[in-house]
Amino acid sequence: MSRAFSTAVVLFLSSLPFQSQGQIRPLPPAVRMTQMVVRVAVVDGVASTKLEQTWRNDGGGEAEATWILPLPSGAVADGFTMTVNGVPMAGEVLGADEARGVYESIVRSRRDPGLLEFFGRGCLRARIFPIPAHGEVKVEVGFRALLPERLGVRNWSFALNAAGAGGLAPERIVLDLSIRSRKAIKNAFAPLSAIQVIQKDDHEVRASFEGTPAALAGSELAVYYGLSEAEFGLDLLAHRAAADAEGTFLMLISPKREWQRGETLKKSIVFVLDTSGSMEGKKIEQAKNALKLFVQSLSGDDLFDIVPFATEPEPFFGARVPATPQKVAEALARIERITAAGGTNIDGALAAALRGSGEADGRVPIVVFLTDGEPTVGEVVPDKILAAVRAGNSQKARVFVLGVGNGVNTHLLDTLASENGGARDYVREEERIDEKTRALFAKLSHPVMTELALAIDGLAPSKVVPAKLPDLFAGDRLEVFGRYAGEGAHAIRLSGVVGGVRREFVYEATFARETTTELSFLAPLWAERRVGVLLDAIRLNGPGGPNQELVGEVERLGREYRIVTPYTSHLVVEPGLRRFAFVPTGPATGAAGPSTPGVHGGRPATGGGAETTSDGFFLGRRSAAQPDGASLDELARELSRRGVLPVDAPQAELVALARRVSQELQESEQALSALGYGGTGEKAVDDSVYLARLVSGRRENDQGSLLALFTRRVKDKTFVLKSGVWVDQTLGENPPAERKRVEAFSAEYFALLAAKPALAPYLALSSRLIVKLGNDVFEIVDPAFAPRGSEGH
């Protein structure tokens, strides 16, 4: 997909006249960008951008600087203006050929390839003077650009990986993006979960971000949106490189935002509330407030009931009744009289909730189940409770689960939700129940399509996430990831029950082979969701399940796509480092089960309080925080050899890093080994919440992880650090000896870049790397860096 525009701001000192393109002295550390605010207004495909930057000079003398803003090939920007502390500054637009000289001079002078990603593109350029000693300047830049449309999808983006001085990003970033369109906006999507996207109505979207560049994982800000006047919009993003056996797709499915009364589906909904003694105190008061919110969210066409339960269920009405003003008032009055006492009869409560759930009259059957504990009365075996639900849920009621606190059985609740078309969430000890339930009730109030099914004519998708499509509610957006083989135009068929009638919607789409890497982010996003599903299955299947096969796929995906989870950070590190994990012989601290043979990380212990790994490395029986000194020294030497730190780094620094690595390796081994053992407790709740977020794409930042030391993802390639050299993982463990060696920043280096511009994003990673492009393998060497042990590369 073509970018609308992709920008980076680079500031550098210039002792030469403004028009000169000779050598440029680097910007000193005393000058920094403390903040950059990006304000964008997109109206019918035209983006008006305003950058507000604050530059600080902590040095003792004035600084003169040249400001440039690279633009992608083919982008057209107009209305370029700049002011410095309110004073208009002269600026110009450089074409690609002229800009290339500017980029080259900066890269040569700094010996920093970070700007090469924009090689061959035009740029905006202006002069900033003065940046006062011990002072600040306010720089404001404005320009406009047309967002190109491809297959009905537009894209706005703003690159941050080269923003600031010599690739140094701003210390703080603020994004405020609005999108308005006369044609209805059906889907708006940001690849980075740190960017919040809110669709206000059918014609306006707002996106925002505020934080540090680390929260963006070095990626660019980007928002995609599709236009459609249909009831249900479906937009396709698909990427398959010429050499790939399979491609990756993302389908964005959402209903129109504005539904008239009578267009949404009627529902039959039951709220099941745990009122056992453990709920006494603030929990029962918050739960009662949540119940009031639930009742007030009902429409007059809905049927409802409330089932408080402790030792036995005590339904308010004993059947679903219309949400008339009288019944609503009665329910609110009875909520006030609820108290907490007794045991926890989960089996009886679910049986009462599922009786006559109401689908026969065309209503959508929904159960909301809230509990803070494990079953203690009646049937207490989770597997038998689940079996009873399977037998009793003849009307296919959707079950949405809310677990409160750390005393719940996450295996029971998570399986209950996943098997019955609902979702799970947990209210932590410090969270309020009523606040957590507010968004759920707002969502459930307007179902618009149920029993969803997707098919692609002439193309069989595989490894689709989610495998079972959930219902669609007004205001929802469904993200469906998958893999595919084949190419060309294919019809996508979305079917579902709308207004009590099964309907089919057909969309024309193209699964084309790509010659660019603009949509290469799709494969890592798919892999991330897939890993979440696999880890969830490992956790819920327990030690008797097919863990070996599932963990094997987690390992492969983690290594290929650089995915970090609480369980897999060590899996994607080079296998030779695993021997430095200190694995306990007994149950893992904080986990409910031991390290298990047959699961990665499970190894038999030897006698005498020590163990030997499969590759013969002897581990002392000490904690990971204070492992055997000799082992730490060896790990430190190994990390130095692999280039994680310079070979001449102080030994204390190497040992400190080695201790951190060893700690994380052990924690990762323990966490993976413990999957499937613990169903209750704080860790079990944390695991469930984390994996639910991973599957839904709401992943937290992992830039501080061990994995970030060893791997980098650049467009469609993963690079692994080996002996200080970044090696393209498509080359395998042993890159071919025959490869073209090019000295970084030489004339040959820039000639290669001009001849093969597709190398630009990879060369921007480092001045020390081995990369494959087509059938050619190139090694970029930096004479200033000669790590030990690199002869094998």
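The values are calculated or read from the model by the stated rules, or taken from the named source; none is laboratory data. Everything numeric in this text was worked out from a predicted model, so none of it was measured. A quick note on method: Cβ atoms are made from the backbone with ideal geometry, for glycine too, and the neighbour counts reach across all protein chains shown. Accessible surface is based on the protein model in full, side chains and every heavy atom, while ligands, DNA and RNA are left aside. Shrake-Rupley method; radii C 1.70, N 1.55, O 1.52, S 1.80 Å.
Expressed as a whole percent, the accessible surface of the stretch 43-134 that belongs to carbon and sulfur atoms is 49, based on a 1.4 Å probe. Spin-label pair K396-V689: with each label point 7 Å from Cα along the Cα-Cβ axis, the two points sit 3.3 nm from one another. Only protein heavy atoms count here; on that basis, with a 1.4 Å probe, V781 has an accessible area of about 50 Å². Expressed as a whole number of Å, what is the distance separating the alpha-carbon centroids of the stretch 747-766 and the stretch 390-433? After rounding, the separation between the Cα centres reads 52 Å. The length gained on full extension between E738 and D244, counted as 0.36 nm times the residue separation minus their Cα-Cα distance, comes to 175.5 nm.
Starting from the Cα of S696, step 7 Å toward the Cβ, then list every residue of the stretch 379-408 with an amide N under 13 Å from that point. Counting only backbone N, you get 400-403. Sorting H203, H239, H134 by solvent-accessible area of protein heavy atoms yields H134, H203, H239, largest first, with a 1.4 Å probe.
Rounded to the nearest 0.05, what FRET efficiency is calculated for A439 and T517 with R0 set to 51 Å and r the Cβ-Cβ distance? Mind showing how you got there, number by number?
Numbers: r = 36 Å, r/R0 = 0.71.
Using R0 = 51 Å, I get an efficiency of 0.90.
If you wrap the stretch 109-252's Cα atoms in a convex hull and average its projection over all directions, what's the area in nm²? Don't jump to the answer; show the numbers that get you there.
Numbers: hull surface 49.2 nm².
With the hull built on Cα positions only, its mean projection is 12.3 nm².
Accessible area ranking (1.4 Å probe, heavy atoms, ligands and nucleic acids excluded), largest first, for R539, R713, R355: R355, R713, R539.
Using the alpha carbons of the stretch 320-377, what is the convex hull volume per residue in cubic angstrom, as a whole number? If you can, show how the numbers build up before the last one.
Details: hull volume 5.7 nm³, N = 58.
Value for the stretch 320-377: 98 Å³ per residue.
Around the Cα centre of the stretch 392-506, unit charges on the Cβ atoms of Lys, Arg, Asp and Glu (plus for the first two, minus for the last two) sum to a dipole of about 240 debye.
My understanding is that a pair violates if its Cα-Cα distance is over 19 Å; which of K396/K436; K292/K443; K283/K436; K292/K327; K715/K740; K288/K436 do that in this structure?
Working: K396/K436 25 Å; K292/K443 16 Å; K283/K436 12 Å; K292/K327 13 Å; K715/K740 22 Å; K288/K436 13 Å.
The pairs that break the limit, which is 19 Å between Cα atoms, are K396/K436; K715/K740.
Note on S297: accessible area approximately 40 square angstrom, rounded to 10, probe 1.4 Å, nucleic acids and ligands left out. For the stretch 202-260, rounded, prolate or oblate, judged on the Cα gyration tensor with a ≥ b ≥ c (square roots of eigenvalues), a/c < 1.5 rounded, else prolate if a/b > b/c? Oblate shape, in that a/c is at least 1.5 and b/c is the bigger or equal ratio.
Each principal axis of the Cα cloud of the stretch 485-547 was evaluated for its coordinate range; sorted largest first, these ranges are 45, 44, 18 Å. Taking all protein chains into account, the per residue accessible area for the stretch 80-122 stands at 41 Å² (1.4 Å probe). Surface analysis of the stretch 302-414 yields an accessible area of 38 Å² per residue, using protein heavy atoms and a 1.4 Å probe. Of all lysines in the structure, those lying under 17 Å Cα to Cα from K722, and not within fewer than 8 positions of it along the same chain, are K772.
Rolling a 1.4 Å probe across the protein heavy atoms gives the stretch 477-541 an accessible surface of 37 Å² per residue.
Could you give the Stokes-Einstein D for the stretch 68-118 in µm² per second, using the C-alpha Kirkwood radius, 20 °C, 1.002 mPa s?
Numbers: Rh = 12.6 Å.
Answer, rounded: 170 µm²/s.
On the principal axes of its alpha-carbon atoms, the stretch 259-409 has extents of 44, 34, 25 Å, going from largest to smallest. For the stretch 185-303, the share of accessible area belonging to carbon and sulfur comes to 45 percent (1.4 Å probe, ligands and nucleic acids excluded).
Evaluate 2.2 N^0.38 Å with N set to the residue count of the stretch 346-435, then give the Cα radius of gyration divided by it. Walk me through the numbers before you get to the answer.
Details: Rg = 13.1 Å, N = 90, 2.2 N^0.38 = 12.2 Å.
Compared with the compact-globule rule of thumb, the stretch 346-435 sits at 1.07.
Given their separation in residues at 0.36 nm each and the Cα-Cα distance between them, A708 and E419 gain 100.4 nm when the chain is fully extended.
Scoring 100-111, 747-758 by mean Cβ neighbours within 10 Å over their residues and listing the highest first yields 100-111, 747-758.
Residue-normalised convex hull volume from the C-alpha trace of the stretch 657-769: 158 Å³ per residue. On the basis of the beta-carbon distance and an R0 of 30 Å, E280 and T324 show a calculated FRET efficiency of 0.40.
So if each residue of separation counts as 0.36 nm, and I subtract the Cα-Cα distance between K756 and A41, what length gain in nm does that give? Length difference between fully extended and current span is 253.9 nm. For the stretch 366-410, a Kirkwood radius taken over Cα pairs fed into Stokes-Einstein (10 °C, viscosity 1.306 mPa s) yields D = 137 µm²/s.
So, R0 is 25 Å and r is the distance between the beta-carbons of K384 and K468; what FRET efficiency does that work out to, to 0.05? Calculated transfer efficiency: 0.60.
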